[in-house]
Amino acid sequence: MERTIPAEDREANRIYNTYHVLVRTVVSRILDRAGTPEDVEECTQDVLWEFLQGPDKWDPARGSEKTYLCMLARSRAKNRRKQLLAGAAEPLEEHTLAFTVPDGTERTAVRDGLRRALEGLTAEERKLFTLRFVYEWDGGEIGRALGLRQSAVTTRVNRLRKKLKKLLAIQGIVMDGKE
């Protein structure tokens, strides 16, 4: 007696076998340094499940099934990244900005000096600092969140960087690197 696989299971197997690696790659690039391998796999499964539950949301006239799944994966992974980073901010001294103290003061002194320097920023500047340097949003994302053009965000980030450099110098901390 031969067992037949229902059509919806065949479709689920096809989607999984065809797109799992692709979707996982997209998700893992976005969740890099923000989540665990389990977070990556969970987000990947969520994307594939969402597609299987609502395939009518995909419009073949607007793009291929592959393209739609990549865009869905990107969107869901960015949302997941924001959720993960909202609960656990990166330590600033480990960020891509390099902070050094000429006399070799310990890391705690650098961290305390950085906190004092950040207190010299306005609330708006601290928000911009957090979005750009902690959450690593690009200018377009920040612009959409704050209702600004990307060029305005770039200008504000450059001004913020200069101001922060001065505030850090007052604390005896040298800021190396562009970002």
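A short reminder: the numbers here are calculations on the coordinates, not readings from a lab. Here the structure is a predicted model, which is why all the values come from computation and not from measurement. Neighbour counts run over all protein chains shown; Cβ positions are idealised from the backbone, glycine included.
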Original post:
Lys/Arg Cβ at +1, Asp/Glu Cβ at -1, dipole of segment 7-87 taken about the Cα centre: which of Gly54, Gly35, Asn17 is farthest positive-ward?
Top reply: Gly35
Subject >> ³J(HN,Hα) computed for each position of segment 36-46 - Karplus, 6.51 cos²θ - 1.76 cosθ + 1.60, integer Hz, glycine/proline x >> reply: 8, x, 5, 5, 4, 5, 4, 5, 4, 5, 4
Subject >> For segment 111-127, Karplus couplings with θ = phi - 60° (6.51, -1.76, 1.60), whole Hz, Gly/Pro x >> reply: 4, 5, x, 5, 4, 5, 5, 5, 5, x, 8, 6, 4, 5, 5, 5, 5
**OP:** With a Förster radius of 22 Å, plug the Cβ-Cβ distance of Ala12 and Arg33 into 1/(1 + (r/R0)^6) and report the FRET value to the nearest 0.05.
**Re:** 0.10
Subject >> Gyration tensor verdict on segment 1-64 (Cα atoms; rounded if a/c is under 1.5, prolate if a/b is larger than b/c, oblate otherwise) >> reply: oblate
**OP:** Give a residue-ordered list of calculated ³J(HN,Hα) values for segment 52-60 (Karplus: 6.51 cos²θ - 1.76 cosθ + 1.60, θ = phi - 60°; whole Hz; x for Gly, Pro).
**Re:** 5, 7, x, x, 5, 6, 7, 10, x
